Amino acid sequence: MLGCASLEGTDTQALALPLSFLHHHTRSDSNFRARALDNRYVSMDLIGKEAIDCRKAVNSLPPLVKGYLRVGAMIGEGAVVDHQFGTTDVLVIMPVEAIDARYIAHFGPGAERLAA
């Protein structure tokens, strides 16, 4: 599965911590590496890996992105600034076979128990 996730704001310098964390710690491997189009590409490598406060970076991520990462998602290469929506977008790549078994058990075939 794949799709887009948004970080609020278009100032990539203000988003340097979360973007750099995603770049250094969650970037997809070469089997799934997808890159933003050259004419829209914004580097996510804004802070060196050794200078990132991981706890602070994770806390700065939107809840949806944190949820994707918990399940085993990876992030593509480069972000795209969407001025129309006021966001900076990253590609989320979720190999279904990589989903942690505890999430499959919780949200899998018996998940209708969670329906309202």
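Values in this text are rule-based calculations from the coordinates and carry no lab data. None of these values were measured; they are calculated from a predicted model. Positions of Cβ are backbone-derived with ideal geometry, glycine not excepted, and every protein chain shown enters the neighbour counts.
Computed quantities for the displayed model
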read-out: Residues of region 44-65 classified as of a type outside the set (Asp, Glu), surrounded by 14 or more Cβ atoms within 10 Å (Cβ to Cβ) and within 16 Å of residue 88 (Cβ to Cβ), total; value: 8
read-out: Test set (1) closer than 30 Å to residue 97 by Cα; (2) surrounded by fewer than 16 Cβ atoms within 10 Å (Cβ to Cβ); (3) touching a strand residue (DSSP E or B) at 6+ places or on another chain (Cβ under 8 Å) - residue 85 fails condition number; value: (1)
